[in-house]
Amino acid sequence: MTALAALIRRDIRIALRVGGGALIGVLFFLTVVVLMPFAVGPDLALLSRLGPAILWLGALLASLLTLDRLFMADHEDGSLDLITMSRTPLELACAAKALAHWLAAGLPLIVATPVLGLLLNLDMAATGAVALTLLAGTPALTFTGMIGAALAVTLHRGGLLMAVLVLPLSIPVLIFGVAASQAAITGPLSFGAPFSILCALSLVSLVIGPFAAAASLKHGLD
Amino acid sequence: MNGLVPGQMQLSGRGVICVRGGREVFSGLDFEAASGEAVAVVGRNGSGKTSLLRLIAGLLIPAGGTIVLDGGDAEMMLPEQCHYLGHRDALKPALSVAENLSFWADFLGGERGDTAESLATVGLDHATHLPAAFLSAGQRRRLSLARLLTVRRPVWLLDEPTNALDVAGQDMFGGLMRDHLARGGLIIAATHAPLGIESRELRIGGAA
């Protein structure tokens with residue numbers, strides 16, 4: 001446990017320091033959402049109808065933006081070698097790294113959502129619903145994205161490959177995340193059904209992600 | 001945990017075959033090293049010195065043959081009893097010297113020494129709060145050596161360990177290796193330069 005706690009602490013610390021990835025994701029999220037009303041125009045009804053989708057897309061792209069470095073940095077400086085050799089199972093180390101990434105880069109997106117909801121003409125209840133779906137859904141984005149990040153290390157290809165691999169996996173999360181938010185805002189569907197599926201997606205990825213990432217990293221040893 | 005008694009451990013490889021990128025780097029390699037012994041792996045560039053160290057560390061899978069450690073901690077795998085000091089220093093530029101070291105001490109676990117003492121031994125005690133980004137290549141290497149001192153492991157796998165170290169640093173490192181051997185540890189080092197301690201030579205890939 002100390003090993004995993006140390007890993008989580010280190011990754012969060014690095015992400016929050018100057019040059020770390022956490023702030024970049026939030027800034028990107030902010031930029032996308034702030035620009036959207038200018039692109040869509042001043043139709044408030046349209047904005048509030050598109051709001052949840054815009055917030056979800058922004059969060060998805062922001063988390064992709066910072067995820068590709070999840071293992072790459074450790075691979076480049078040799079830390080990954082020592083992590084692989086250590087007593088801590090690689091699956092748990094992967095899970096710890098993803099958790100740290102979510103805490104440092106995912107959670108700030110959720111905290112920023114209420115502020116950005118104002119720009120999209122979402123009322124308090126609607127913003128709350130979107131924030132709640134993001135809270136339930138972003139772990140799925142991080143933990144499936146982790147698989148792509150591990151493959152990027154294994155295949156020695158960064159950035160674009162990762163986006164191509166991970167985006168299809170995140171489509172269900174996007175669908176049910178936006179569906180749950182819309183259901184809470186406009187109805188007529190119930191909020192519960194899509195939200196439960198969203199939670200289920202997160203839980204499944206929480207289990208599968210670390211194993212798939214560790215398998216990929218082990219396969220790519222060189 | 002690793003109560004080392006001299007002569008207690010024996011690391012041996014039998015018929016080890018290493019294939020990388022479809023090319024056979026070396027095959028049928030036999031080697032052994034016992035507690036208190038240093039083995040210098042020599043050979044020309046590309047002969048597989050680093051590959052051998054990574055095979056022992058479990059970072060490469062041998063295409064054939066076996067590598068076993070007799071007499072070590074029976075509950076631990078071979079890689080868990082090794083320190084691997086590669087070309088890359090495993091340091092995070094954003095973290096300070098002390099943070100880098102204490103992270104590895106916490107993460108690697110097991111019997112651990114005092115981080116401040118290790119930093120003083122390698123001559124970095126004046127720079128504990130400096131971010132690792134500002135360290136020179138030699139200082140980075142010294143910080144990696146501090147990791148070897150802080151977390152006790154019986155087997156040291158060193159890849160060109162004296163690279164970037166100044167003369168005083170090489171002397172200091174020679175002393176550290178002698179201490180490690182005296183405690184019953186064993187060292188496998190891939191090197192072009194003289195190791196600075198008495199060592200047995202293991203030549204791979206024909207004449208240099």
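Read-outs: derived from the displayed coordinates by stated rules, not from any lab. Fair warning: this is a prediction, and the values are worked out from it, not measured in the lab. Virtual Cβ from ideal backbone geometry, glycine too; neighbours counted across all protein chains shown.
General remarks:
- Inter-centroid distance (Cα atoms) of segment B:109-134 relative to segment A:121-135, Å: 47
- Cα centroid separation, segment A:72-116 to segment B:141-208 (Å): 32
- Put in order of Cβ neighbour count within 10 Å, fewest first, the listed residues A:Cys94, B:Cys82, A:Cys199, B:Cys18 become A:Cys199, B:Cys18, B:Cys82, A:Cys94.
- Distance (nanometres) between label positions extended 7 Å along Cα→Cβ at B:Asp30 and B:Asp73: 3.1
- Additional length obtainable on full extension of the chain from A:Leu167 to A:Thr2, 0.36 nm per residue less Cα span: 56.0 nm
- Mean residue ellipticity, 222 nm, helices only, the protein assembly as shown: the sum of -39500 (n - 2.57) across DSSP H runs of n ≥ 4, divided by residue count and rounded to 500, is -18500 deg cm²/dmol.
- Nearest-0.05 FRET efficiency for A:Ile175 and A:Asp77, computed from C-beta distance (R0 35 Å): 0.40
- Ordered by the count of other Cβ atoms within 10 Å of each Cβ, fewest first, A:Ser48, A:Ser170, A:Ser190, A:Ser86 give A:Ser190, A:Ser48, A:Ser86, A:Ser170.
- Cα extents for the protein assembly as shown along the principal axes, largest to smallest and rounded to whole angstrom: 81, 47, 37.
- Entry note, chain B: relative contact order of 32 percent, from Cα contacts under 8 Å with a spacing of 6+ residues.
- Label point at B:Ala193 placed 7 Å out along Cα→Cβ; residues across segment B:17-43 whose backbone nitrogen lies under 19 Å: B:39-43
- Projecting label points 7 angstrom from Cα along Cα→Cβ for A:Ile24 and B:Arg112 puts them 2.9 nm apart.
- Candidate lysines for bridging to B:Lys49, where Cα separation is under 29 Å - those fewer than 8 sequence places away on the same chain excluded: A:Lys218, B:Lys92
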